[in-house]
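Below: one structure, written as structure tokens.
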Amino acid sequence: MMKRNPLVLGNKTLKDVSDDICAPVERFPSKGWMGMFLGAKTLLLFYIAILAGVVGVGIGLLGVNSPVFWGTMIVTFVFWIGIGHAGTLISAVLFLFRQKWRTSVARTAEAMTVFAVMTAGIFPLLHTGRPWLDYWLFPYPNQRGPLWVNFRSPLLWDVFAVSTYATVSMVFWYIGLVPDFATIKDRAKNKLRRTIYGALSLGWRGTARNWSHYEMLYLILAGLSTPLVLSVHTIVSFDFAVSNLPGWHTTIFPPYFVAGAIFSGFAMVVTLMTLVRIGFPEFKNYVTLDHMEVMNKIIMTTGMLVGYAYASEFFIAWYSGNQYERFVFVNRAFGPYGWAYWTMVSCNVLIPQLFWFKKLRRSIPVMFVVSIFVNIGMWFERFVITVTSLHRDFLPSSWGMYAWSWFDTGVLVGSFGMFLTLFLLYLRLFPAISIAEIKPVLNVGYDDKGGHH
Amino acid sequence: MAQYTKGIAGIWTEENLILKAAYKTREAGFTKFEAISAYPIHGMEEACGIKRSWLPYVTFVTGCVGLLAGLWLTWWTSAVDWAVNVGGKPFFSLPAFIPIMFELTILFAALSTVAALFYACKIPRIDPPNIDPDLSSHKFAIFIPYNDTGYDETKIERMFKELGASEVKKTEF
């Protein structure tokens with residue numbers, strides 16, 4: 001019979017689990033955390049200044065111009081939304097498939113989802129150009145008729161998809177946190193901590209009746225989040241696919257976008273988890289090399305799915321016999337933005353092939369570097385889709401290039417400041433591994449003799 | 001506050017002992033007792049005789065409401081209240097409305113089920129009495145309220161001790 005590896009190393013008792021996971025919340029932050037937080041916060045302030053400029057002066061500070069009317073904001077929006085998808089995949093889809101290894105990484109992956117969606121949500125709102133009128137996106141009775149929103153537009157579907165996704169992800173994440181907040185409250189030494197975590201825990205007491213309802217709710221939310229997460233990136237892909245533009249108007253987009261989203265999201269989970277393991281060494285017993293290896297396998301698999309989608313698009317561009325379609329794809333690979341295309345292919349398809357070797361997919365430095373490359377590659381994928389399809393219009397007289405400005409750089413780099421600030425605060429203030437979910441899987445992989453009792 | 005009931009609680013330190021204790025407590029005829037743990041224990045529902053949660057019914061009904069709400073919203077705004085011709089498409093373009101209907105189904109179902117959990121577990125609750133702070137970490141408890149059938153403190157104390165309780169105390173929950 002196949003032997004299962006333990007999910008949690010070090011023969012932990014129940015009390016050890018509470019102590020280990022609550023430790024980062026209860027001790028004074030380390031110098032490393034402080035350094036990273038100051039860096040992230042400075043980047044966030046820079047981001048706020050850049051966004052203030054973009055709102056105050058106008059969207060023209062970015063490189064968007066005729067014929068490339070969608071640029072960094074849309075590219076980076078799709079990038080961050082995609083990052084978020086791995087969190088829901090780990091917390092909901094793997095839960096439904098009873099993948100117990102998900103337990104150690106689910107909380108942090110979900111936090112990543114929530115923060116990535118928050119980071120992403122800003123972009124389309126600002127890209128409207130007049131963000132103070134963004135409430136027009138919602139169907140509310142108004143004095144202009146009432147003139148309603150156009151429900152036939154994919155951009156409006158996106159408003160509903162992303163706002164529902166943000167709401168449900170946040171609720172799912174918070175419900176998971178409630179019992180752990182109660183644990184922190186009960187361990188609190190001072191009154192302020194007790195009060196704050198007590199309020200967050202909603203007075204949770206963990207009776208068998210409550211757990212029974214709680215587990216049912218968790219299952220239902222996982223069941224609802226699973227089709228939701230697939231719908232969100234499907235609808236994001238509709239933003240492109242429902243238009244009539246060659247390069248965008250393809251039926252492969254929904255599965256291709258979802259695969260890409262999972263791919264990039266898992267890469268971000270690996271990036272963050274390698275850092276969390278360094279910053280909080282006690283977590284190494286919970287997020288083990290086995291966990292990282294499994295995620296690397298998913299990265300390689302989804303990377304190849306994405307690679308298949310690239311190839312399939314090319315094949316159909318030729319096989320369809322549509323010369324506009326064919327031109328767009330040849331231009332994508334060999335035109336002025338060919339460098340972006342080949343960056344994308346190398347980062348997303350070639351580099352993850354390293355994970356065929358067990359030694360490499362279990363090496364922390366290797367997986368960190370690969371995950372960074374995947375993140376770069378997936379940003380470029382969205383850049384390639386958005387910009388190269390637009391920059392060669394039907395009329396050669398309308399051809400142009402995307403006029404990248406340093407505000408584009410500022411928006412892209414600054415968004416990491418927002419994400420990392422939120423993420424670092426989360427690591428300090430919330431239990432970064434689900435205490436109540438880890439305890440039931442403590443003895444997975446231990447036999448009766450080697451048990452922890 | 002007066003809404004909490006007095007009673008007697010036994011505290012255990014091992015998962016298998018509390019599970020057995022819950023069985024025995026139920027066999028002894030108690031019906032209003034609570035088993036308290038830091039995490040959901042496999043088999044505890046059977047031990048305590050807890051019926052399957054009714055939350056899925058809420059999910060189903062509110063999900064249907066969300067679906068119909070989405071259909072009504074898109075139909076009424078696009079085809080009734082002020083119909084606008086967009087690219088010659090029908091006023092009631094059902095396929096285009098499906099994403100909206102789907103998202104509202106999920107939104108209604110998810111938020112209502114969470115609300116139902118709050119109702120079922122009577123949370124949020126301000127500063128409820130706590131039998132032992134370690135119950136949310138590594139200890140387990142069974143609490144029997146004074147108004148349960150056959151409540152007798154000395155008998156219960158003896159039963160809890162026999163079942164391996166490390167501590168028995170009179171408390172409020």
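Where a number appears in this text, it was derived from the coordinates with a stated rule and is not lab data. Predicted model, so just to flag it, every value in this text is computed and none were measured. Methodologically, a virtual Cβ is constructed for each residue, glycine included, from the backbone with ideal geometry; neighbour enumeration extends over all protein chains shown.
Things to note:
- Vicinal HN-Hα couplings computed from phi for segment A:129-136 (Karplus, 6.51 cos²θ - 1.76 cosθ + 1.60; Hz; Gly/Pro x): x, 10, x, 6, 9, 4, 5, 5
- Relative compactness, segment A:182-277, computed as alpha-carbon Rg over 2.2 N^0.38 Å: 1.69
- Placing +1 on the Cβ of every Lys and Arg and -1 on the Cβ of every Asp and Glu, with nothing else charged, gives the protein assembly as shown a dipole about its Cα centre of roughly 800 debye.
- Segment A:321-412: Cα Rg divided by the 2.2 N^0.38 Å rule of thumb: 1.35
- Between helix B:94-120 and chain B: long-axis angle, C-alpha atoms, 0 to 90°, nearest 10: 20 degrees
- Its residue count N fixes a reference of 2.2 N^0.38 Å for segment A:258-305, and the Cα radius of gyration divided by that reference is 1.20.
- Modelled FRET efficiency - R0 25 Å, A:TYR140 with A:VAL55, Cβ distances, 0.05 increments: 0.65
- Simple label model, 7 Å out from Cα along Cβ direction - B:LYS161 to A:SER405, nm: 8.2 nm
- When B:HIS138, B:HIS42 are sorted by how many other C-beta atoms sit within 10 angstrom of their C-beta, beginning with the fewest, the order is B:HIS42, B:HIS138.
- Between the helical axis of B:15-27 and the longest alpha-carbon principal axis of chain B there is an angle of about 80 degrees.
- Positive contributions from Lys and Arg (+1) and negative ones from Asp and Glu (-1), summed over other residues with Cβ under 13 Å from the Cβ of A:VAL54, come out at 0.
- Using distinct alpha-carbon pairs, which all enter the 1/r mean, Kirkwood radius of segment A:1-41 in Å: 13.2 Å
- Efficiency of FRET between B:TYR4 and B:TYR57 - r from beta-carbon atoms, R0 35 angstrom, step 0.05: 0.75
- Alpha carbon centroid spacing (whole Å) that separates segment A:359-432 from segment A:1-32: 32 Å
- Measuring against 30 Å, Cα to Cα, the residue pairs A:LYS185/B:LYS155; B:LYS20/B:LYS51; A:LYS12/B:LYS6; A:LYS191/B:LYS51 contain A:LYS185/B:LYS155; A:LYS12/B:LYS6; A:LYS191/B:LYS51 as the ones spanning a longer distance.
- Within straight-line cross-link reach of A:LYS15, aspartates and glutamates at Cα separation under 12 Å, skipping those fewer than 8 residues along the same chain: B:GLU14, B:ASP134
- Estimated inter-spin distance, A:ARG130 and A:PHE46, nm [label 7 Å along Cα→Cβ]: 3.3 nm
- Cα convex hull volume per residue for the protein assembly as shown (Å³): 183 Å³
- Cα extents of chain B along the three principal axes, largest first (Å): 81, 33, 29
- Positive dipole terminus of the protein assembly as shown, leading residue within A:LEU272, A:VAL8, A:PHE430 (C-beta point charges): A:VAL8
- Degrees between helix A:31-57 axis and first principal axis of chain A (Cα, 0 to 90, nearest 10): 30 degrees
- Straight-line reach from A:LYS359: taking Cα to Cα under 19 Å and skipping same-chain neighbours fewer than 8 places apart, the lysines in range are A:LYS284, A:LYS297.
- Remark: spin-label model distance A:SER397-A:SER163 equals 4.2 nm, labels positioned 7 Å along the Cα→Cβ axis.
- By the count of neighbouring beta-carbon atoms within 10 Å, fewest first, A:PHE423, B:PHE91 end up ordered B:PHE91, A:PHE423.
- For segment A:400-411, the Karplus equation 6.51 cos²θ - 1.76 cosθ + 1.60, evaluated at θ = phi - 60°, returns couplings of x, 10, 7, 8, 4, 10, 6, 5, 4, 4, x, 5 Hz by residue, with Gly and Pro reported as x.
- Over segment A:123-214: Rg over Rh, Cα atoms, Kirkwood Rh: 1.22
- Residues of type lysines that B:LYS122 reaches as a straight line, Cα spacing below 17 Å, ignoring anything fewer than 8 places off in the same chain: B:LYS32
- Taking 37 °C and 0.692 mPa s as conditions, segment A:1-72 diffuses translationally at an estimated 186 µm²/s according to Stokes-Einstein applied to its Kirkwood radius (Cα pairs).
- Calculated diffusion of segment A:40-178, Stokes-Einstein form, Kirkwood radius summed over Cα pairs, 20 °C and 1.002 mPa s, µm²/s: 125 µm²/s
- Placing unit charges on the Cβ atoms of the charged side chains and taking the dipole of segment A:103-233 about its Cα centre, the candidate lying farthest along the positive direction among A:THR167, A:LEU221, A:ASN210 is A:ASN210.
- Magnitude of the charge dipole, segment A:365-453, Cβ model with Lys/Arg +1 and Asp/Glu -1, debye to 20: 140 debye
- Ascending count of other beta-carbon atoms within 10 Å, so fewest first, for A:THR250, A:THR207, A:THR88, A:THR72: A:THR250, A:THR207, A:THR72, A:THR88
- Computed 3J(HN,Hα) for segment A:162-178, one whole-Hz value per residue from the Karplus formula 6.51 cos²θ - 1.76 cosθ + 1.60 where θ = phi - 60°, is 5, 5, 5, 4, 4, 5, 5, 4, 5, 5, 4, 4, 5, 4, x, 7, 3, glycine and proline marked x.
- Gap separating the Cα centres of segment A:235-308 and segment A:76-147, nearest whole Å: 15 Å
- Within chain A, longest stretch clear of exposed trypsin sites (Lys or Arg not before Pro) (DSSP loop, no more than 13 other Cβ within 10 Å): A:190-448
- Listed residues B:TRP82, A:PHE95, A:PRO141: farthest to the positive end of the dipole of the protein assembly as shown (Cβ charges): A:PHE95
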